[in-house]
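Just below is one structure, and these are the notes that go with it.
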Ligand code: AMP
């Protein structure tokens, strides 16, 4: 497996693959791999001839008070894990390679998808994401790119961007991979103390609580958010950031869950800010079909 550090070399690598008619897959990541990342890579390996994983902690998508400096990094460990699942190359550029002196262009996706959830709580975050993903698409020129539904809003933002800007890449969403107790895998889970780790299971439990309520026919979005908040607030180590429900996939405000809806939560445990989500689906009222 190759580790490529510069843009020119990366472009040459894909150009060669494309010349021989290969399907190129890209898995963009910030590294410090876990099974969630590997699930994306495995899917890419199944569907593509050549798979590239980018490992880049993108400064543009972090706020000034966020964890850019302390974000976990271990390229050697990542390279061994990626090689194991059949990745062909890791693209791991330095900041100066991605944002050289004079860099002055960003890509921002409109507010209907970005003025809520993490977009509202982390101003500039999705512009940072859209900009770096555009650059990665231009450098790697993948036929398919893989994104985890753990970041459901991110998938929607990237899909919007690809459609709006006529980018020739197919976006493949991949389901959330969880620990055995339900906690969504995340590189940021390493920030948790053992007490916080145990407490963090409340995220998944609160999502399942909402799912059960909807299955029972309770479709009042405000009431479901209230119950989810109550469940999280009952955990002393949890500091709630947001609990919100929107229609899915267009992220419109709703007061009733009809069809599919996204319930997304963000909660801090000490210095770890964790996010999770679930797609709720209200059973179609039988009377509708009469
Ligand atoms: P990150 O390195 O955290 O930026 O994540 C890179 C990619 O992996 C993103 O598309 C994430 O949505 C995806 N990802 C991260 N954690 C998980 C998980 N637990 N399950 C599925 N995908 C994930």
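Test residue 46 against the criterion of being in contact with a helix residue (DSSP H, G or I) (Cβ under 9 Å, 6 or more places away or on another chain), under 19 Å from residue 145 (Cβ atoms) and assigned by TED's automatic domain parsing to the domain that holds residue 107, and give yes or no. Answer is no for this residue.
Residues in the stretch 123-136 that are out of contact with any helix residue (DSSP H, G or I) (no Cβ under 8 Å at 6 or more places or on another chain) and assigned to a helix (DSSP H, G or I): 136 only. Anything in the stretch 134-192 that is buried (at least 19 other Cβ atoms within 10 Å of the Cβ), over 12 Å from the mean Cα position of the chain (by Cα) and within 16 Å of residue 56 (Cβ to Cβ)? List them, or say none. Hits for the stretch 134-192 are 135, 136, 137, 139, 140, 142, 145.
For residue 80, the criteria (1) more than 23 Å from the chain's Cα centre (by Cα); (2) free of Cβ contacts under 8 Å to residues at least 60 places away in the same chain hold in every case but one, which is (1). Condition (residue is under 25 Å from residue 129 (Cα atoms), within 11 Å of the ligand (Cβ to nearest atom) and modelled with pLDDT of 95 or more) applied to the stretch 203-218: is it met by at least one residue? Within the stretch 203-218, not a single residue is under 25 Å from residue 129 (Cα atoms), within 11 Å of the ligand (Cβ to nearest atom) and modelled with pLDDT of 95 or more. Pairs are defined by a Cβ separation below 8 Å, a sequence spacing of at least 6 or placement on different chains, a first member in the stretch 149-164 that is in a helix (DSSP H, G or I), and a second member that is within 9 Å of the ligand (Cβ to nearest atom) and modelled with pLDDT under 95; no pair meets this definition. A residue that is assigned by TED's automatic domain parsing to the domain that holds residue 90, within 15 Å of the ligand (Cβ to nearest atom), within 30 Å of residue 106 (Cα to Cα) and free of Cβ contacts under 8 Å to residues at least 60 places away in the same chain occurs nowhere in the stretch 138-147. Pairs meeting the criteria (first residue in the stretch 11-35 and within 30 Å of residue 184 (Cβ to Cβ), second residue assigned to a helix (DSSP H, G or I) and more than 16 Å from the ligand (Cβ to nearest atom), beta carbons under 8 Å, at least 6 apart or on different chains) are 24/14; 24/17; 24/18. Here residue 212 fulfils each of the conditions (1) in contact (Cβ under 8 Å) with a residue 24 or more places away in the chain; (2) not assigned by TED's automatic domain parsing to the domain that holds residue 73 apart from (1).
Summed over the stretch 232-270, residues that are at positive phi and surrounded by fewer than 21 Cβ atoms within 10 Å (Cβ to Cβ) total 2. The residues in the stretch 170-179 that are assigned to a loop (DSSP other than H, G, I, E, B) and in contact (Cβ under 8 Å) with a residue 40 or more places away in the chain can be counted, and the count is 3. In the stretch 180-194, the residue that is farthest from the ligand (Cβ to nearest atom) out of those that are in a loop (DSSP other than H, G, I, E, B) and in contact (Cβ under 8 Å) with a residue 12 or more places away in the chain is 193. Every condition in (1) surrounded by 14 or more Cβ atoms within 10 Å (Cβ to Cβ); (2) not in a strand (DSSP E or B) is met by residue 212 except one, and the failing one is (1).
The values are calculated or read from the model by the stated rules, or taken from the named source; none is laboratory data. The structure presented is a predicted model; accordingly, all values stated were derived computationally and were not measured. Please note: Cβ atoms are built from the backbone with ideal geometry, for glycine as well, and neighbour counts cover all protein chains shown.
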